[in-house]
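Report on the structure given below.
The values are calculated or read from the model by the stated rules, or taken from the named source; none is laboratory data. Quick caveat: nothing in here was measured; it's all calculated off a predicted structure. In this analysis, Cβ positions are derived from the backbone assuming ideal geometry, glycine residues included, and neighbour counts consider all displayed protein chains. Calculation scope for accessible area: heavy atoms of the full protein, side chains included, ligands and nucleic acids excluded. Shrake-Rupley method; radii C 1.70, N 1.55, O 1.52, S 1.80 Å.
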Amino acid sequence: MNKTSLNKIVLLIGLMAILISACGSQPTPVVPADKVTIQLSWFHGVEYAGFYTAVEKGYYKEENIEIVLNPGGPEINPIDEVQNGKAQFGITSGDSLIIAKTNQQNFVSVATIFRKNPLTITSLKKDNIQRPEDLVGKTVGVYSLDLSNFFDLPFLALLNRTGLDRNSMNYALIEDFQGANEIKAGNMDAMSGMFATDQQVMAQDAGDELNFIYYNDYGYDVYINTIFVKEEFIQSNADLISRLIKATIKGYQYAIENPDEVAGFAVKYDPNLDLKYQQSVMKAQIPFISTGDAPIGSMDADVWETTQQILLDFDLIAAPIDLNTIYTNQFTSQ
């Protein structure tokens, strides 16, 4: 073989090596991020800290998801927003999902924010109201004087479960929901349907010491903020749901461990929020998010059964539904 032929072979081998190398270093095709809208149940605040944290810490980005968080309010129904396709995920109460199911609207809860219901009957510690029986002869603040408002349902359920006569106490309309103002003004002895989270912080910031009668200690156990989707959405988007719930739960775990930091994330979404107040509320709600007896976000069958029974007891649904169609833990047990 002459020198010219040898040079040609060497050159050919070099070119082949370059081509093989170029083919091997081709960039991986970029998969477009899944774009998801979540309809919150209320205005921005640390109740949704897990979502904010998953955005700020890049947990959704790691799962290739882009998130839009729409604030709620009194005129926004998350069920309607998801039903109409304006959001893929929503946050609402468990009883609302059961009622929707009886109206032929098929939604499925895929996780819950609070595992423990934070609703209470609140009173000043000095008044020594510690049990439902202590309300007899007292004036209780309610949402409607005839107890017909849907938000009076927890109180009615408590009376039903304890056997107390609704006529054994007096009622006053709650008009000021800021802490214990109504009680301190002498308008009532206790307030029904208060949250042992933000409203507790309001009262404590005012220097008030409180007693709480938790509804779920007396048979009223309802998930107040479940994350839900359309039933058909699960069938075609199980992987997306799995990734989103994984990132969100990771966000809530971080929030529990870093409450002061994540309160600042909430303020980014609404600069009118008070940072110190949000920090206190975040700390107050930790025991309701992480109960220590089950994974964050997971749901218990007996809570759903209790919820349905309450709706049946008060004729809010005509017949029971198959609760296995209304919730799943498949995305929180990852």
(request) Find the residue count for segment 145-160, including only residues that are in a loop (DSSP other than H, G, I, E, B) and either in contact (Cβ under 8 Å) with a residue 40 or more places away in the chain or open to solvent by less than 80 Å² (accessible area, probe 1.4 Å) (or both). (result) 2
(message) Take Thr226 and tell me if it is among the hydroxyl-bearing types (Ser, Thr, Tyr), under 27 Å from Val108 (Cβ atoms) and buried (at least 17 other Cβ atoms within 10 Å of the Cβ).
(response) yes
(request) Scan segment 290-302 for residues that are in contact (Cβ under 8 Å) with a residue 60 or more places away in the chain and in contact with a strand residue (DSSP E or B) (Cβ under 9 Å, 6 or more places away or on another chain) and jot them down. (result) Ile296, Gly297, Ser298, Met299
(request) Search segment 73-93 for residues that are in contact (Cβ under 8 Å) with a residue 60 or more places away in the chain and pair each with any residue that is part of a loop (DSSP other than H, G, I, E, B) and open to solvent by less than 20 Å² (accessible area, probe 1.4 Å) when their beta-carbon atoms are under 6 Å apart and the residues are at least 6 apart or on different chains. (result) Ile91/Leu40; Ile91/Asn225
(message) Out of everything in segment 303-324 that is open to solvent by 50 Å² or more (accessible area, probe 1.4 Å) and without any contact (Cβ under 8 Å) to a residue 60 or more places away in the chain, what residue ends up being nearest to Gln235 (Cα to Cα)?
(response) Asn324
(request) From (1) open to solvent by less than 20 Å² (accessible area, probe 1.4 Å); (2) closer than 28 Å to Leu158 by Cα, pick out the condition that doesn't hold for Val82. (result) (2)
(message) On the basis of being out of contact with any His (no Cβ under 8 Å at 6 or more places or on another chain), surrounded by fewer than 18 Cβ atoms within 10 Å (Cβ to Cβ) and not hydrophobic (A, V, I, L, M, F, W, C), does Asn187 make the cut?
(response) yes
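Taking Asn103 as the residue in question, decide whether it is surrounded by fewer than 16 Cβ atoms within 10 Å (Cβ to Cβ) and within 28 Å of the chain's Cα centre (by Cα).
yes
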(message) Quick check on this structure: which one of Tyr252, Tyr269, Tyr327, Tyr277 is under 16 Å from the mean Cα position of the chain (by Cα), open to solvent by 20 Å² or more (accessible area, probe 1.4 Å) and aromatic (Phe, Trp, Tyr)?
(response) Tyr327
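Could we say that Ile321 is among the hydrophobic types (A, V, I, L, M, F, W, C) and touching a Ser or Thr at 6+ places or on another chain (Cβ under 9 Å) here?
Yes; evaluated as a whole, the condition is true for this residue.
Residues checked against (1) of a type outside the set (Gly, Ala, Ser); (2) farther than 30 Å from Ala301 by Cα; (3) open to solvent by less than 10 Å² (accessible area, probe 1.4 Å):
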residue: Ser109; (1), (2), (3): no, no, yes
residue: Ile121; (1), (2), (3): yes, no, yes
residue: Lys125; (1), (2), (3): yes, yes, no
residue: Thr162; (1), (2), (3): yes, no, no
residue: Ser168; (1), (2), (3): no, yes, no
residue: Phe177; (1), (2), (3): yes, yes, no
residue: Asp208; (1), (2), (3): yes, yes, no
(request) Report, by residue number, each residue of segment 223-282 that is in contact (Cβ under 8 Å) with a residue 40 or more places away in the chain, part of a helix (DSSP H, G or I) and of a type in the set (Lys, Arg). (result) Arg243, Lys246, Lys250, Lys268
